[in-house]
Number of protein chains: 4
Amino acid sequence: MTKDVALIVGGGPGISASCARLFAKSGMHVGIAARTPDKPALQNLEQTHGVRRYACDASKPEAVALLFQDVVRDLGVPTLVVHNIDGRVPGIFRKGIAEADASMAFETLRNSAFSAFLVGQQAARLMRENKPDANGTKGTIIFTNASAALKGFPTSGAFAMACQAKAGLAQSMARELMPQGIHVANVPIDAAIGWTQEDGTRAHRLAGTTVDDNMADPDYIAEAYLQLHRQHRSTWAFEIVLRPWVEKW
Amino acid sequence: MTKDVALIVGGGPGISASCARLFAKSGMHVGIAARTPDKPALQNLEQTHGVRRYACDASKPEAVALLFQDVVRDLGVPTLVVHNIDGRVPGIFRKGIAEADASMAFETLRNSAFSAFLVGQQAARLMRENKPDANGTKGTIIFTNASAALKGFPTSGAFAMACQAKAGLAQSMARELMPQGIHVANVPIDAAIGWTQEDGTRAHRLAGTTVDDNMADPDYIAEAYLQLHRQHRSTWAFEIVLRPWVEKW
Amino acid sequence: MTKDVALIVGGGPGISASCARLFAKSGMHVGIAARTPDKPALQNLEQTHGVRRYACDASKPEAVALLFQDVVRDLGVPTLVVHNIDGRVPGIFRKGIAEADASMAFETLRNSAFSAFLVGQQAARLMRENKPDANGTKGTIIFTNASAALKGFPTSGAFAMACQAKAGLAQSMARELMPQGIHVANVPIDAAIGWTQEDGTRAHRLAGTTVDDNMADPDYIAEAYLQLHRQHRSTWAFEIVLRPWVEKW
Amino acid sequence: MTKDVALIVGGGPGISASCARLFAKSGMHVGIAARTPDKPALQNLEQTHGVRRYACDASKPEAVALLFQDVVRDLGVPTLVVHNIDGRVPGIFRKGIAEADASMAFETLRNSAFSAFLVGQQAARLMRENKPDANGTKGTIIFTNASAALKGFPTSGAFAMACQAKAGLAQSMARELMPQGIHVANVPIDAAIGWTQEDGTRAHRLAGTTVDDNMADPDYIAEAYLQLHRQHRSTWAFEIVLRPWVEKW
């Protein structure tokens with residue numbers, strides 16, 4: 001059995017770092033791509049878990065094509081690809097539709113939905129040549145998504161556009177690629193997300209009986225992704241919404 | 001009571017022309033915007049129904065801003081705006097995700113979803129200054145949508161992105177603007193659409209008892225839009241899926 | 001053209017009375033069935049609008065069969081049937097799942113969902129023998145539903161069961177009967193509903209510019225039902241969610 | 001750490017048997033309740049995996065109350081309850097709404113949705129007194145569901161009613177109980193399901209690269225259930241739709 005190769009596109013101290021650590025611990029070759037791969041959180045991953053870092057603006061077709069070439073050369077053909085880009089430009093939050101900046105809306109759409117298209121496309125091209133693994137899977141493509149994929153909230157039109165675009169893409173890809181042996185999943189995280197800080201402590205503490213677990217813990221999100229990748233193709237899930245126990249929905 | 005002003009963005013011989021005719025017959029001032037407003041179907045509307053034509057590439061922020069300025073100057077502040085742009089570039093149909101042209105996917109997203117954002121934004125800015133009409137409505141914004149807004153079909157990823165982006169935008173705008181008195185609606189047409197040809201005959205015949213009504217008739221779609229605009233705000237519908245009786249779903 | 005025959009099952013001073021009045025004014029023969037057809041609101045309808053009253057416990061198969069026989073004899077074969085039964089027994093509200101009374105949950109399910117099955121079944125049996133009208137419609141079956149059809153709220157499990165059961169029935173019937181020329185619709189009213197009081201005044205006042213229209217007005221709900229019945233079969237809507245402009249969703 | 005106690009309500013050679021085996025192998029005390037607990041498939045489970053069998057008609061309030069009392073006495077308070085009753089009476093399949101037998105429809109509703117209410121209620125009453133486990137979970141309640149929970153298919157009205165009723169109940173319970181530490185999940189299996197035959201062979205063979213895995217394998221469904229039970233409460237999933245890779249949807 002050949003080794004799994006995981007590529008995580010979009011890199012920060014939250015879900016991406018948790019995925020990188022868990023995938024590496026599970027015996028995969030792991031690459032992580034980010035606009036600024038030199039941020040400390042990612043450098044740590046290289047040292048502690050042998051994660052390979054790549055610089056990539058995933059909203060650019062050529063950059064994404066090059067990324068996959070590099071990963072194939074360095075690590076092998078990916079069997080697990082996670083698109084983990086939120087894509088919101090900083091000034092976009094909580095603006096009414098009348099006040100919103102149209103160019104920021106456009107950038108959000110490009111950063112999030114279009115980059116998902118580009119990453120999904122490269123993954124599909126490569127994975128369909130893979131041999132099925134023991135679970136019948138040629139590869140798994142996971143799109144991290146947000147509450148806005150489920151519901152368009154007020155003063156959040158651009159983000160709703162981007163998230164639902166990504167969900168639509170994922171659905172279309174799932175219907176097309178699953179019968180070809182490629183597992184596609186959309187995972188809206190319906191919650192604020194905590195993360196591991198650079199000093200190794202958690203940005204929010206989690207324990208069985210405290211109230212600190214009212215945010216989604218990225219380590220558990222990573223676990224859910226690994227479970228998706230290992231599902232047997234007789235029972236694939238396309239969409240899983242993850243939310244903390246106390247979340248209103 | 002002041003006269004309704006309707007603006008239809010996206011212009012062709014189908015839904016747009018049906019809307020223009022019905023709105024004009026209902027006593028509204030009607031404008032229609034299209035990239036090529038000189039096509040015969042639109043010239044006819046000017047002659048037969050006094051519909052004003054505007055040239056506009058609705059995926060360009062400045063062009064859309066200018067369009068609304070011109071409409072306000074010529075016809076008055078819009079009370080009914082229909083975004084009726086499909087946005088698919090010709091080569092995009094029935095391409096698998098691996099074969100799809102990324103730049104066409106991007107253009108589809110821009111033409112459809114981003115133009116919806118721009119048109120919705122200008123409409124919202126103007127309408128919120130309107131006085132409520134007899135039904136309590138300051139204005140109505142309707143987004144024509146497609147089956148892909150409901151379901152991402154295989155070999156159709158880019159269109160699924162665009163349609164679900166538009167649906168997400170519409171939802172967000174509805175939650176934000178309805179409490180401000182602006183009615184926002186998303187109307188997926190889950191069907192092929194027939195249209196009126198330039199010689200005045202119908203592209204598909206409709207009659208009560210024939211099998212020719214297995215496509216959505218744009219005249220009836222226009223009627224549904226007018227009913228939406230005239231709903232009292234105590235009972236607004238946000239989404240109506242229109243499909244012919246024989247359609248599979 | 002023969003006259004429309006409308007049957008409203010479930011009778012009170014709200015949606016049922018509004019429907020009865022509007023349908024009668026629109027030239028239909030109208031019957032209304034209720035467990036206690038002698039309540040003043042219904043007696044008034046007989047006097048003012050010639051509405052025929054029927055006693056019927058719609059959760060009993062024989063009672064529903066008999067009702068339709070009587071209606072056919074008195075008014076003719078129905079072309080429009082509205083199932084307007086909420087079905088909640090009084091003590092059921094706001095009980096947690098652990099505290100809820102199981103027998104009340106069962107009665108709610110029977111009163112609401114099972115009666116919808118019985119009414120829908122009788123309507124389907126008769127309507128499929130009708131000739132299509134000018135819109136290609138052999139008959140229209142409308143199920144009034146509630147927010148709980150869209151979302152299962154806490155401390156409301158039995159009602160969520162009943163409403164989603166009704167929605168599932170309506171969907172199944174729509175997919176089966178629409179290609180046979182029978183229009184089936186599910187209409188969740190996502191709001192509190194106002195009604196006309198016995199002295200003729202409104203339980204809540206409605207006006208274009210006041211804040212009194214924050215509840216759904218049954219007169220406008222009736223209007224939406226009539227529009228559904230008159231939709232041409234080239235563009236039928238299956239589901240319309242009606243909610244007031246200020247409603248949170 | 002005290003031992004998990006699992007109760008499976010509804011017992012056959014498919015999902016229930018797979019769950020019983022997996023839960024027992026994972027170190028849980030396991031009980032299984034069925035109308036006819038003497039069927040060979042369940043007797044085997046007792047011998048091979050120490051699974052305790054209970055006779056119970058889960059559509060009867062007293063029977064369900066008694067079942068939980070017996071389980072608490074024999075095994076302890078349940079921490080994982082699976083409602084795995086389909087509920088369709090034999091003659092109900094593929095009948096149009098006009099031809100369907102109303103009393104069968106009623107039985108289906110009672111067997112499936114009402115029994116889910118009864119089982120969910122007893123589970124909730126007991127579990128809320130549990131201490132949270134290492135994942136912060138006081139207990140997990142899983143409802144097996146079917147495609148009809150997602151879509152009302154033609155000639156299947158009664159089953160659509162029952163499945164969507166169950167889904168509505170699950171949603172309501174999830175919103176109510178999750179903030180109390182009880183994980184509630186709805187799992188529609190969008191597929192035909194294979195099972196293990198009494199001679200120990202599989203009713204359909206599964207292997208990584210054959211075409212025999214086009215039905216859902218109950219062993220993998222059981223695995224998904226166990227993963228749900230072990231999710232940390234910072235990231236609970238409410239609904240997972242499981243379908244084979246080749247399934248149309």
Cβ pairs under 8 Å, 6+ apart or interchain, first in the stretch D:17-37 and open to solvent by 10 Å² or more (accessible area, probe 1.4 Å), second basic (K, R) and not in a loop (DSSP other than H, G, I, E, B), ordered by first then second residue, are D:H29/D:R52; D:P37/D:R53
With criteria (1) open to solvent by 10 Å² or more (accessible area, probe 1.4 Å); (2) within 18 Å of the chain's Cα centre (by Cα); (3) farther than 17 Å from A:K60 by Cα, A:M127 comes up short on (1)
For the stretch C:163-195, the count of residues that are of a type in the set (A, V, I, L, M), within 23 Å of C:K248 (Cβ to Cβ) and more than 7 Å from chain D (Cβ to nearest Cβ) equals 5
Exercise. Might you let me know whether the stretch C:46-57 holds any residue that is crowded, with 20+ Cβ neighbours inside 10 Å and acidic (D, E)?
Key: no
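Please pick out the residue among C:L169, C:L242, C:L226, C:L150 that is within 20 Å of C:Q122 (Cα to Cα), modelled with pLDDT of 95 or more and of a type in the set (A, V, I, L, M, F, W, C). Outline the logic, then answer.
Details: C:L242 fails: within 20 Å of C:Q122 (Cα to Cα); C:L226 fails: within 20 Å of C:Q122 (Cα to Cα); C:L150 fails: within 20 Å of C:Q122 (Cα to Cα).
Going through C:L169, C:L242, C:L226, C:L150 in turn, just one is within 20 Å of C:Q122 (Cα to Cα), modelled with pLDDT of 95 or more and of a type in the set (A, V, I, L, M, F, W, C): C:L169.
Report the residue count in the stretch A:151-168 for those that are surrounded by fewer than 24 Cβ atoms within 10 Å (Cβ to Cβ) and either basic (K, R) or within 23 Å of A:V81 (Cβ to Cβ) (or both). Can you show your working first?
Of all residues in the stretch A:151-168, those surrounded by fewer than 24 Cβ atoms within 10 Å (Cβ to Cβ) come to A:151, A:153-155.
Retained after the next criterion (residues that are either basic (K, R) or within 23 Å of A:V81 (Cβ to Cβ) (or both)): A:151.
Here the count works out to 1.
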When you look at A:A113, is it open to solvent by less than 10 Å² (accessible area, probe 1.4 Å), at pLDDT 95 or above and on the phi < 0 side of the Ramachandran plot, yes or no? yes
Flagged pairs (Cβ under 8 angstrom, 6 or more apart or on separate chains; first in the stretch A:91-111, charged (D, E, K, R); second part of a helix (DSSP H, G or I)) are A:D101/A:G91; A:D101/A:I92; A:R110/B:F106
Per the filter on the stretch B:177-190, residues open to solvent by 10 Å² or more (accessible area, probe 1.4 Å) and in contact (Cβ under 8 Å) with a residue 12 or more places away in the chain are B:Q180, B:D190
Counting only helices (runs of 4 or more DSSP H) entirely within the stretch B:61-160, those with at least 2 residues that are of a type in the set (A, V, I, L, M, F, W, C), touching a strand residue (DSSP E or B) at 6+ places or on another chain (Cβ under 6 Å) and more than 10 Å from chain A (Cβ to nearest Cβ) are B:61-74
B:L118: passes all of (1) in contact (Cβ under 8 Å) with a residue 12 or more places away in the chain; (2) surrounded by fewer than 17 Cβ atoms within 10 Å (Cβ to Cβ) but (2)
How many residues of the stretch C:62-109 are open to solvent by less than 20 Å² (accessible area, probe 1.4 Å) and over 25 Å from C:A123 (Cβ atoms)? The answer is 6
Restricting attention to the stretch A:221-232, the residues that are open to solvent by 10 Å² or more (accessible area, probe 1.4 Å), part of a helix (DSSP H, G or I) and in contact (Cβ under 8 Å) with a residue 60 or more places away in the chain number exactly 3
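For the subset of the stretch D:189-220 comprising residues that are part of a strand (DSSP E or B) and not basic (K, R), which member is modelled with the lowest pLDDT?
Ranking the qualifying residues of the stretch D:189-220, first place goes to D:T196.
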Residues of the stretch D:131-144 being touching a Pro at 6+ places or on another chain (Cβ under 9 Å), of a type outside the set (K, R) and either open to solvent by 10 Å² or more (accessible area, probe 1.4 Å) or free of Cβ contacts under 8 Å to residues at least 24 places away in the same chain (or both), in sequence order, are D:T144
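The values are calculated or read from the model by the stated rules, or taken from the named source; none is laboratory data. From a predicted model like this one, the values you see are computed outputs, not experimental measurements. When we count neighbours, we look across all protein chains shown, and the Cβ atoms used for this are built from the backbone with ideal geometry, even at glycine. Accessible surface areas use protein heavy atoms only, side chains included; no ligands, DNA or RNA. Shrake-Rupley method; radii C 1.70, N 1.55, O 1.52, S 1.80 Å.
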